[in-house]
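Report on one structure; see the data block that follows.
The values are calculated or read from the model by the stated rules, or taken from the named source; none is laboratory data. What you see is a predicted model, and the numbers here were worked out from it, not measured in a lab. Note that each Cβ is placed from the backbone with ideal geometry, even for glycine, and that neighbours are counted across all protein chains shown. These area figures cover heavy atoms from the full protein model, side chains too; ligands, DNA and RNA do not enter into them. Shrake-Rupley method; radii C 1.70, N 1.55, O 1.52, S 1.80 Å.
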Amino acid sequence: MKGFYILGGYPDMKKFEEVFKYLAEKADFVEVGLAYNDPVADGPVIAEAASKVVKSNIKIDDILKIVEAYKKSKVYIMTYANIFYQYGLMEFSQKYGKLINGVIVADLPNRMHGFFYDNGFDIPIIPFVTPESREEDIEGLKGTKADFIYFVGVRGVTGSNVNFLDDELVEKVKFVKKMTSKKVVFGFGIKTKNDTEKVMTYADGFVIGTEAVKRQTDTTQFKRFINSIIE
Amino acid sequence: MKGFYGEFGGQFVAETLIPVLDELDKSFELLKCDKDFNDKLNDLLKNYAGRPTPIYYAENMSKKYGCKVYFKREDLLHTGAHKINNSLGQALSAKKMGKKRIIAETGAGQHGVATATVAALLNLKCTVYMGSIDAKRQSMNVKRMKMLGAEVKVVDEGTKTLKDAVSAALRDWVSSCNTTHYVLGSALGPYPFPKIVSHFQSVIGKESREYFENLGIMPDYIIACVGGGSNAIGMFKGFLDVESVRLVGVEAGGISDKDGEHAARMSFGKKGIFQGSLSYVLTDKSGQISNVHSVSAGLDYAGVGPEHSFLKEIKRCEYHYARDKEALDGCLELCKLEGILPALESSHAVGYFIKNASKFKDKTILINLSGRGDKDLEIILENMEGAI
Ligand SMILES: Cc1ncc(COP(=O)(O)O)c(C=O)c1O
């Protein structure tokens, strides 16, 4: 499962449309980020890009219109809890439940999923596992409706450096797969083809974020980068 | 649900922090009943910080406004504000948990100074995050923190104020939580922080309650300013069960009702999820956090502690606001009448009282003076040209 994170509406709607369309045909899944002006889980590249999108006042519905028009691969929406909460948890899932395959909410830990579901949200929420997750945390994920489990490989924000073959990391991912019988996708910190090859020796997939967002402003470069990873 | 006050609160943070928050909760529950810990904390509160703080009957002010006005003097504490109560409690807990480093965020700088102070005292490494606008308007406090041996990291992102200092501290904590404790400065953020901070601040309400019990009366009103809500919740906790006491929180009304020109979350905000909890928050329809403004760096924050939202919802406490100008007038009035220079945060409580003095006629009012105004001198002088 090869996936890429791109930021909705960045640097403008036209370029976003072009990169989304390209990815929808090439990647196994696309994570579309909805910009938030307090992005605690993001590193400087994504945070700065998000702040530009927020200033340009782009609407969530306009981003999802593009998703609807070109969607071929699976699509997950990644953002922060207040974005969904203000949209209306029920309203969002009624409107987009059929279109999107899941959501990734950076500030909604697994134990708070119930809060979303109890308030009328019925799109699968992708659970997180981290190097710190305890056995009982992981066991609790067995019943998830989500397509996969998101492994946050880094203690830190997006764009940090990681040793992808660290024994503890590798063992943890293997343990999660065994314990939950779910696919595990590795996110945070992946930059190159070489990184993805290392990760794919033990995980079922990867997501590249910062390196993709960096190139959203230049669609030719963006496409070249995607090809360098996928081919 | 655990960690909620009614529908408010919760833990809206990265999954990475969940094990640390659990560990923190567990160790806090043990420590808060631990005799050694409490003896040590009480000793420091008394002999280092200067507790109990007095309650002062303000005769001149009472006479002028036709009521009985008392002040709880948290401004007399070491480092100049109630923040030291919480910093001592949390840093001592961190030490017991074996952490070698503490981090903090600060707006006005008071919480940063208090945390840097206890870090020096307890031999902990300390980093304080502060927005660049706040660092500029509270430059004296930046210098103090550095003298105390803390590293001050100036945050030049977003609104460059408290919100971004909190985000930066949270980001640091996500990467360092194995060795580091985050001394959150107010009764907000993810559970268990609101509980922990209000516990360490409840000493304000406890002492006040004792004082009035000894007098054989109860105040009719208690007024406290609300930034994140820690000095107010600490005070209110002592009186929640006394129905006759009306509890009033005063937020920063800034310069107008317009979005971006105030920080009155209870009056103009809505329910939302922000920096760890569900509470009243200043946010737009699309979920973006609004800009805020206050003349006082300690009050301009888009969110508020979840317990306050709950107390508003069940109508146990009422929340109002004072404008910048009313706070500045309150500040000057207290200087002139009583010879006390209050922090601009606390001045909001004073300003609200003065503006509504007719409502308080013949009543007994206790105002919490959360801190002293030395740190705000430049801002006061800048804004009150001609009046002084
Ligand atoms: C003197 C003083 N009072 C009040 C506050 C507001 O915070 P809280 O509402 O947590 O008491 C601050 C914050 O910096 C402060 O320095």
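Tabulated data for the structure shown
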quantity	calculated
Every pair of residues 6+ apart whose Cβ atoms lie under 7 Å, when the first sits in the range B:176-205 and is farther than 23 Å from B:Ile55 by Cβ and modelled with pLDDT under 95 while the second is more than 15 Å from the ligand (Cβ to nearest atom) and in a helix (DSSP H, G or I)	B:Cys177/B:Leu17; B:Cys177/B:Val20
Test: B:Leu148 is touching a residue at least 60 places away in the same chain (Cβ under 8 Å), closer than 19 Å to B:His181 by Cβ and more than 14 Å from the ligand (Cβ to nearest atom)	no
Residue satisfying condition, being more than 16 Å from the ligand (Cβ to nearest atom) and open to solvent by less than 10 Å² (accessible area, probe 1.4 Å), within set B:Ala165, B:Ala120, B:Ala94	B:Ala94
Any hit, the range B:71-84, residues being under 22 Å from B:Ser175 (Cα atoms), in contact (Cβ under 8 Å) with a residue 24 or more places away in the chain, open to solvent by less than 10 Å² (accessible area, probe 1.4 Å) and in contact with a Phe, Trp or Tyr (Cβ under 9 Å, 6 or more places away or on another chain)	no
Subset of the range B:206-237 [more than 13 Å from the ligand (Cβ to nearest atom) and either within 14 Å of chain A (Cβ to nearest Cβ) or open to solvent by less than 10 Å² (accessible area, probe 1.4 Å) (or both)]	B:Ser208, B:Phe212, B:Pro219, B:Ile222
Some residue of the range B:266-280 being part of a loop (DSSP other than H, G, I, E, B) and more than 16 Å from the ligand (Cβ to nearest atom)	no
Condition broken by B:Lys72, with the remaining ones in (1) out of contact with any helix residue (DSSP H, G or I) (no Cβ under 6 Å at 6 or more places or on another chain); (2) assigned to a strand (DSSP E or B) satisfied	(1)
Residues being under 18 Å from B:Asn383 (Cβ atoms) and open to solvent by less than 40 Å² (accessible area, probe 1.4 Å) - total across the range B:327-348	14
